[in-house]
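> This is the structure I want to talk about, given as structure tokens.
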Amino acid sequence: MSEARPVCDYEGSNYQTEFWGKGEREYEDRVERIALNALLPKSGRLCLEVGAGAGRLTPLLAERFDRVVLMDYSRTQMEQARARLGDGNGRGHGRLTFVAANVYQLPFAPNVFDGATMIRVIHHLTDAPAALKEIRSVMASGSFILEFANKQNWKAIFRYLLRRQSWSPFTTEPVEFAALNFDFHPRAIRGWLGEAGFAVKATRTVSHYRLGMLKRLIPANILAAADALAQPTGEWAQFSPSVFVKSEVIGGGKQKEIKKIEEIFVCPNCESQLSRSGEAMDCFCCGKRWGSKDGIYDFKEPL
């Protein structure tokens with residue numbers, strides 16, 4: 001069982017509406033979709049969306065994968081995602097599965113997924129390397145697409161050179177600019193991915209024009225089109241506030257055959273197999289019981 005780590009909890013939050021629904025971040029939404037579409041594989045069987053929130057980007061994944069497992073620490077976010085998206089193809093037999101769980105203790109068996117994404121999540125993690133290793137442990141093969149907040153962005157560089165901030169954007173250690181909000185250096189991210197068992201295959205820089213003045217003066221679609229042209233430069237240098245990295249599993253195993261969705265789960269406490277019992281799943285190894293209610297598998301806390 002993993003040691004306890006602080007987790008940023010969006011329980012009770014209406015994040016989708018408050019952050020994305022007011023139109024102020026239409027540009028960011030557009031450019032992230034452009035980057036994700038460019039990096040996603042053409043097809044796959046089972047994708048894990050870590051920190052899915054209310055499912056803003058899930059439809060893009062569902063276009064490429066046979067099935068998508070949405071996971072978030074917040075039950076509220078999973079409830080909102082399910083209300084917005086449904087099951088994808090009818091209750092109980094859908095292409096979307098909703099899971100409330102902790103990224104440091106994933107409730108999934110090894111070799112289950114052949115794809116994974118983690119967008120706008122890692123900046124909330126105090127132990128990013130541990131989370132990356134956990135994600136790798138449940139993947140058999142395929143691509144992992146990670147987005148991170150870039151410490152080495154132009155704004156931070158200028159502020160540092162003008163002595164308006166004390167921390168250096170050029171050093172590799174993370175900087176916590178607010179509680180449970182971190183910026184990371186690209187070199188550190190690449191190193192952690194390698195240590196976790198991933199090989200970096202592509203990098204795209206995103207949100208080059210994330211300036212309030214530009215967003216007020218220039219329509220979001222035009223800014224996004226300009227950003228799309230600049231994104232491939234991430235292969236050579238990363239100075240934008242957001243960076244997308246596509247990596248591939250190194251030395252994966254055979255993907256587990258799944259006949260019913262419950263077969264992907266293990267006990268997050270002891271990693272043993274679970275047995276379905278009505279609306280709950282029981283672990284006969286450690287005795288923990290995990291809930292399943294209103295179409296959401298709840299591994300956040302045992303019953």
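The values are calculated or read from the model by the stated rules, or taken from the named source; none is laboratory data. Keep in mind that what you see is a predicted model, and the values were worked out from it rather than measured. Heads up, the Cβs are rebuilt from the backbone with ideal geometry, glycines too, and the neighbour counts pull from every protein chain shown.
> Only one of these conditions is not met by Met281: (1) at positive phi; (2) buried (at least 19 other Cβ atoms within 10 Å of the Cβ). Which number is it?
Failing condition for Met281: (1).
> If you take just the strands (runs of 3 or more DSSP E) that sit entirely in segment 238-303, which of them hold at least 2 residues that are over 23 Å from Asp66 (Cα atoms) and out of contact with any helix residue (DSSP H, G or I) (no Cβ under 8 Å at 6 or more places or on another chain)? Before the answer, list the steps.
Values: elements: 242-249, 275-277, 280-282, 289-293, 296-298.
The qualifying strands (runs of 3 or more DSSP E) are 275-277, 280-282, 289-293.
> Wholly within segment 81-194, which strands (runs of 3 or more DSSP E) include no fewer than the required count, namely at least 1 residues that are in contact (Cβ under 8 Å) with a residue 40 or more places away in the chain, of a type outside the set (A, V, I, L, M, F, W, C) and surrounded by 21 or more Cβ atoms within 10 Å (Cβ to Cβ)? It would help to see each step written out before you state the result.
On the way: elements: 96-100, 113-118, 139-149, 175-178, 181-183.
Result: 96-100, 113-118, 139-149.
> A follow-up question, please. Please state which one of Ala220, Ala225 is touching a residue at least 24 places away in the same chain (Cβ under 8 Å) and either of a type in the set (D, E, K, R) or more than 15 Å from Phe148 (Cα to Cα) (or both). Show your work before the answer.
On the way: Ala225 fails: touching a residue at least 24 places away in the same chain (Cβ under 8 Å).
The match here is Ala220.
> Now for a different question. Out of segment 8-33, which residues are crowded, with 16+ Cβ neighbours inside 10 Å and assigned to a loop (DSSP other than H, G, I, E, B)?
Asp9, Tyr10, Ser13, Arg25
> If you go through segment 83-112 one residue at a time, how many are basic (Lys, Arg) and modelled with pLDDT of 95 or more? Before the answer, list the steps.
Kept after step one, since they are basic (Lys, Arg), are these residues of segment 83-112: 84, 91, 95.
Retained after the next criterion (residues that are modelled with pLDDT of 95 or more): none.
Residues meeting the conditions: 0.
> Which number in (1) farther than 23 Å from Asp29 by Cβ; (2) modelled with pLDDT of 95 or more marks the one condition that Ala179 misses?
(2)
> Being surrounded by fewer than 20 Cβ atoms within 10 Å (Cβ to Cβ) and over 16 Å from the mean Cα position of the chain (by Cα) is the filter here, so list the residues in segment 42-68 that pass it.
Across segment 42-68, the qualifying residues are Lys42, Ser43, Arg45, Glu63, Arg64, Asp66.
> What number of residues within segment 1-33 are closer than 15 Å to Gly51 by Cβ and β-branched (Val, Ile, Thr)?
Matching residues across segment 1-33 total 1.
> Just for segment 209-226: of the residues that are of a type in the set (D, E, K, R) and surrounded by 15 or more Cβ atoms within 10 Å (Cβ to Cβ), which one is nearest to Gly23 (Cα to Cα)? Let's see the steps before the verdict.
The initial filter retains those residues of segment 209-226 that are of a type in the set (D, E, K, R), namely 210, 215-216.
With surrounded by 15 or more Cβ atoms within 10 Å (Cβ to Cβ) added as a condition, the list becomes 210, 215.
Numbers: Arg210: 14, Lys215: 11 Å.
Restricting to residues being of a type in the set (D, E, K, R) and surrounded by 15 or more Cβ atoms within 10 Å (Cβ to Cβ), the top hit is Lys215.
Each row is one residue, and each column tells you yes or no for (1) surrounded by fewer than 17 Cβ atoms within 10 Å (Cβ to Cβ); (2) over 20 Å from Asn150 (Cα atoms); (3) free of Cβ contacts under 8 Å to residues at least 60 places away in the same chain.
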| position | (1), (2), (3) |
| --- | --- |
| Ser207 | no, no, no |
| Phe244 | no, no, no |
| Lys259 | yes, yes, yes |
| Val266 | no, yes, no |
| Lys288 | no, yes, yes |
